[in-house]
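This report concerns only the one structure given below.
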Amino acid sequence: MEIKVFSGGICLLVMLGIFSLSSSCLAATPETAGLPGVSATMLQANFWIERVPAPQRVILTPAQIAEFNRAILAALPQTMADFDRFPEMVDRNTLQRWLAADRLPRGAERYSQGELLTGAFYDRLAQNLNLRGLREMNPVRWGFTVRRTDLRTFPTSTASSEDDESDDFDLFQETAVNIAEPLAVLHRSSDGAWLYVQIYNYRGWLRAADVALSSSRQVWNEKRRSTKFLVITGTKVVPREAVMGKPVPDWRAGMGTRLPLLGMEQGGYAVEIPLRNSDGNVYWHKAWIHGKADVSSGFLPYTRANILRQAFKMLGEDYGWGGLGEGRDCSSFIMDIYNVFGIWSPRNADQQERVPGRRIGLQGVADTAVRYDLLGRAEPGATLHMRNHVMLYLGQAGGKHFAIHSLGSYGDATRPHADGTLPRVEVMRVVVGGLDLRLRSGRRFVEVLSSANNWQP
């Protein structure tokens, strides 16, 4: 069966029925956050935490997490960036390869706002890559994002969709990037409006207006490596002006965001927010976050209970391709969970499967009973992988295995077609579901899993 995979391997399964380009979003209710066979009590984190032996036991200490991160960097050198060893200069050939002008989908039928993208559009886009502006050796600049923003495949805000009726699945969208994200600036577009950047787990184009540059790598490192910081552990927190007390929409910070922490003031947290001056350079502005906000001074302890609690904070939230619309796709759901512990999660589902954890291989295992038996070795909080999709394992209840994940759709086994395929049931949100759920092909999720991965050495 054909599976369509787009750039970077962000979780998209069309032909299997896990994702639907024509999906509509349902209201976030307990009924839609739980799939067939899921009771209301299963939609509570504590239901699963109570089934975990020693759920508060620390899986890895901060020192062990640092070592684990080094192993992740070593396992995924093509996608993960070690900023401690990142070069001061990047050569022309490397940048040409990264910029990937040959990936322009000239022969594909793509639309934006219902209009077919033409050859002239791709010509302009190729010109804006500014390949002629590359030097033999290209100096790296260092900066931070000043708002939550979109990382793009190419230097354009124009959407690229296979659907002529909707841009909800923009194939030029790579990922959303949180405010205050450290990055390396590698190149600039011809029109000057876009910067080609490296964040810790991805490369792509950001709007220049969303990036502020540090005066030097040393200054950038001092801020990046600060040991006193606040981690956003809720799905979204909006800091307020320290003086006026008003929320600033551009400052919205998603789960996993790190902000320099100044201390406690007036029952809340005084933090710093990066801003961009008229010269494009960074300056840090004092802001305030309420003391009851869903945040942590430093990373959360890495425990099974905390993994599950973080996952269930996103229950019922909308699916968002590449982070569009402040939603999450399957792999950003996983990434945001693990980032609050200081674990450097890769961005995409296929890369997350390659995290050097305690992996349980399922490829080549045909017997479903054996597959379930092997899954019994997975810890709650492990990632479950199939081609271009990832889930978070919850455990067993009533003799069945369950996961929480950001899901597009599944197959309705109660109304099979004559050829054995199943009608699509659209979901498009973070849900709890059993591994006996069916794909549109008729196969159960458990039958197509390639591995389970416990994120620990």
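List of remarks:
- Residue satisfying condition, being within 25 Å of Gly325 (Cα to Cα), in a helix (DSSP H, G or I) and not acidic (Asp, Glu), within set Leu151, Leu125: Leu125
- Sole exception among (1) closer than 22 Å to Ala287 by Cβ; (2) out of contact with any Phe, Trp or Tyr (no Cβ under 6 Å at 6 or more places or on another chain); (3) not charged (D, E, K, R) for Val185, by number: (1)
- The test for being in contact (Cβ under 8 Å) with a residue 12 or more places away in the chain, part of a strand (DSSP E or B), of a type outside the set (A, V, I, L, M, F, W, C) and farther than 30 Å from Ala66 by Cα holds for His401.
- Residue within region 218-225 that is farther than 22 Å from Leu73 by Cβ and either in contact with an Asp or Glu (Cβ under 8 Å, 6 or more places away or on another chain) or among the acidic types (Asp, Glu) (or both) present: no
- Subset of region 226-275 (residues that are closer than 16 Å to Thr145 by Cα and of a type outside the set (A, V, I, L, M, F, W, C)): Pro239, Pro249, Asp250, Arg252, Gly254, Gly256, Thr257, Arg258, Pro260, Glu272, Pro274
- Residue match in region 413-423 (condition: under 23 Å from the mean Cα position of the chain (by Cα) and of a type in the set (Asp, Glu)): no
- Residue check for Arg135: surrounded by fewer than 17 Cβ atoms within 10 Å (Cβ to Cβ), in contact with a helix residue (DSSP H, G or I) (Cβ under 8 Å, 6 or more places away or on another chain) and assigned to a loop (DSSP other than H, G, I, E, B): yes
- Of Ala81, Ala71, all but one fail to be surrounded by 13 or more Cβ atoms within 10 Å (Cβ to Cβ), among the small types (Gly, Ala, Ser), outside any loop (DSSP other than H, G, I, E, B) and at pLDDT 50 or above; the exception is Ala71.
- For the condition over 25 Å from the mean Cα position of the chain (by Cα), surrounded by 14 or more Cβ atoms within 10 Å (Cβ to Cβ) and closer than 20 Å to Ser160 by Cβ, Leu117 qualifies.
- Considering (1) part of a loop (DSSP other than H, G, I, E, B); (2) surrounded by fewer than 23 Cβ atoms within 10 Å (Cβ to Cβ); (3) in contact (Cβ under 8 Å) with a residue 60 or more places away in the chain; (4) over 19 Å from the mean Cα position of the chain (by Cα), the lone condition that Arg440 does not fulfil carries the number (2).
- Any hit, region 91-99, residues being part of a loop (DSSP other than H, G, I, E, B), modelled with pLDDT of 95 or more and surrounded by fewer than 18 Cβ atoms within 10 Å (Cβ to Cβ): no
- Apart from one condition, Tyr319 fits all of (1) among the hydroxyl-bearing types (Ser, Thr, Tyr); (2) in contact (Cβ under 8 Å) with a residue 60 or more places away in the chain; (3) under 30 Å from Ser226 (Cα atoms); the exception is (3).
- Strands (runs of 3 or more DSSP E) contained in region 175-253 and holding at least 1 residues at pLDDT 95 or above, in contact with a Lys or Arg (Cβ under 8 Å, 6 or more places away or on another chain) and farther than 29 Å from Ala126 by Cα: 229-232
- Pair list, Cβ < 8 Å and 6+ apart or interchain, from region 105-127 residues that are closer than 22 Å to Trp194 by Cα to residues that are surrounded by fewer than 17 Cβ atoms within 10 Å (Cβ to Cβ) and among the basic types (Lys, Arg): Gly119/Arg106; Tyr122/Arg106
- Unique residue being surrounded by fewer than 21 Cβ atoms within 10 Å (Cβ to Cβ) and hydroxyl-bearing (Ser, Thr, Tyr) when the list is Tyr302, Tyr283, Tyr319: Tyr283
- Residue that is surrounded by 22 or more Cβ atoms within 10 Å (Cβ to Cβ) and assigned to a strand (DSSP E or B), where the choices are Leu384, Leu308: Leu384
- Sole residue being among the β-branched types (Val, Ile, Thr), farther than 24 Å from Gln351 by Cα and crowded, with 20+ Cβ neighbours inside 10 Å, chosen from Val140, Val146: Val146
The values are calculated or read from the model by the stated rules, or taken from the named source; none is laboratory data. Only a predicted model underlies this, so the values are computations on that prediction, with no experimental measurement involved. Please note: Cβ atoms are built from the backbone with ideal geometry, for glycine as well, and neighbour counts cover all protein chains shown.
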